[in-house]
Structure formats: C-alpha cells, structure tokens
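The values are calculated or read from the model by the stated rules, or taken from the named source; none is laboratory data. Remember, predicted model here, so these are calculated numbers, not experimental data. When we count neighbours, we look across all protein chains shown, and the Cβ atoms used for this are built from the backbone with ideal geometry, even at glycine. What goes into the accessible areas is simple: the full protein's heavy atoms, side chains included, and nothing from ligands, DNA or RNA. Shrake-Rupley method; radii C 1.70, N 1.55, O 1.52, S 1.80 Å.
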Amino acid sequence: QTVVTQEPSFSVSPGGTVTLTCGLKSGSVSTTYYPSWYQQTPGQAPRALIYNTDSRSSGVPDRFSGSILGNKAALTITGAQADDDSDYYCVLYMGSGISVFGGGTKLTVL
Amino acid sequence: QLQLQESGPGLVKPSETLSLTCSVSGGSVSRNTHYWGWVRQPPGKALEWIGSIYYDGSTYYNPSLKSRVTISIDTSKNQFSLELYSVTAADTAVFYCARHFEHSLFDPWGQGILVTVSS
C-alpha cells in the first residue's frame, strides 16, 4: 500500500516563510505524480491551492507556491498570515486512476 | 459557478449499507473533461480518497475499499452516488464529493456530510 508522508506539524511566525513537504515512504516524488495541495480549516471542506506540481487554483494568492524539492513535492507559503493557520494535505496521482492523500500537516501561525 | 451538495442518512447501523448522493448544480455531470469523486475524513484524521466516476460510468476505486464500494452516476438527475457496504464504526466519517480532474485535482468540494455508524 502506497504511503504518502507529510510533516505532522509545523509552525511559522506571521510574515515568515514555511515549506511543507510531501514524500513517498518508498521512492521519490516527481512531476509525474502531479502533486496537488489543499488547505482545510476546522469544520470546513478542503480548498484546492496547487495542482500539477506548481499551478495555482483560481483565486489562490501568489504567496502560495508549489515545487519539487529534492525527492519531495513542496508547498511554500511566503509571508504567512494568521488565516493560513490550517491543515494542509497533499495528493499524489499513482497512475491507473488512483489518488493517494498524505496524512496532512497542521500549520500553526504564531 | 459549480456547486456540489451531499445528501443521505446521518446514521447507519453496523453491517448495513451507507448510501450518499451528490447533487451537482451550475454544471453538468455529463461533461467529458473531468471525473466526479468521493473523499472521506474520519473525525480528527486525514482525508482518504474513496473513488471516482466518469460521465460514461467508468470508475476508479481506492484498492483498500474496492471490495465494499460502488459509485454510480445519473446524468438525467445530474448527480452521482456512493454505496459503501458492510459498514463498521471505522467507517464513521465526514464524506465529501468533489469534481475530480485527471491527475488528482479535486475542485470544488461539497460542504461534506457526517455519517455515523452506530447501532
């Protein structure tokens, strides 16, 4: 069974920059996995941020960016704001129509 | 603007079948440019992809759930549905429906519906 790994938690100061990562327990993440990223606040549905590694979804501010860093997908938030305090999930496409979510990262802005 | 809305029972008994429907407005489920998917989230836990369906009825399922899941589509009603069989307490979750573009983009999402499995 494919396991997608994310940092369980992370913290950043307001105005700071943070990079969250999305990896594979076995193997390296590349653009061929079409990584996407979602933001979820408590009690709300997830919101798409990034798809196809580095494309921003409609209405997403440009302080959110996606990339591949080393052997992982990455979500970078530049100039963190208080309302960025959320859970962040990545999804990888494994081929044959199969998508796998990561375990999520709880980001605290303080 | 595309909107999705989940509906169905909020309580299901163990060993029974969980049935949910996602109604789509502002767009057609018959479009051949994307899929329609289901994702669940147990309380306090991570999101989990359940499966997705194309307008022509072709489906993809999470291998870990495949034996207990059926997703169907009704283009005449502009909705798609989820059935999860032989449920247990471990299936208690918020269930979301979403438009699912090829290669994993889920956007937008429905608001979600909490389904509790309990006798």
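Numbers for the structure displayed
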| quantity | calculated |
| --- | --- |
| Condition met for B:SER72 (free of Cβ contacts under 8 Å to residues at least 60 places away in the same chain, away from chain A (no Cβ under 14 Å), hydroxyl-bearing (Ser, Thr, Tyr) and not in a loop (DSSP other than H, G, I, E, B)) | yes |
| Sole exception among (1) modelled with pLDDT of 95 or more; (2) part of a loop (DSSP other than H, G, I, E, B); (3) not aliphatic (A, V, I, L, M) for B:GLN1, by number | (1) |
| Selection count where residues are closer than 14 Å to B:ILE50 by Cα and of a type in the set (Val, Ile, Thr), scope the stretch B:92-115 | 2 |
| Residue in the stretch B:26-41 that is among the charged types (D, E, K, R), open to solvent by 10 Å² or more (accessible area, probe 1.4 Å) and at pLDDT below 95 present | yes |
| Residue under evaluation A:THR2, criteria (1) in contact (Cβ under 8 Å) with a residue 40 or more places away in the chain; (2) more than 24 Å from B:PRO108 (Cα to Cα); (3) open to solvent by 50 Å² or more (accessible area, probe 1.4 Å); (4) away from chain B (no Cβ under 14 Å), criterion not met | (4) |
| Residue count, the stretch B:26-48 (criterion: in contact with a Phe, Trp or Tyr (Cβ under 9 Å, 6 or more places away or on another chain) and under 19 Å from A:PRO46 (Cα atoms)) | 11 |
| Residue list for the stretch B:77-107, filter: open to solvent by 30 Å² or more (accessible area, probe 1.4 Å) and within 14 Å of chain A (Cβ to nearest Cβ) | B:VAL94, B:ARG99, B:PHE101, B:GLU102, B:HIS103, B:ASP107 |
| Members of the stretch A:12-33 found to be modelled with pLDDT of 95 or more and farther than 15 Å from A:LEU75 by Cβ, listed by number | A:SER13, A:PRO14, A:GLY15, A:LEU24, A:SER28, A:SER30, A:THR32 |
| Any hit, the stretch A:6-26, residues being within 12 Å of another protein chain (Cβ to nearest Cβ), open to solvent by 70 Å² or more (accessible area, probe 1.4 Å) and farther than 23 Å from B:TRP109 by Cα | yes |
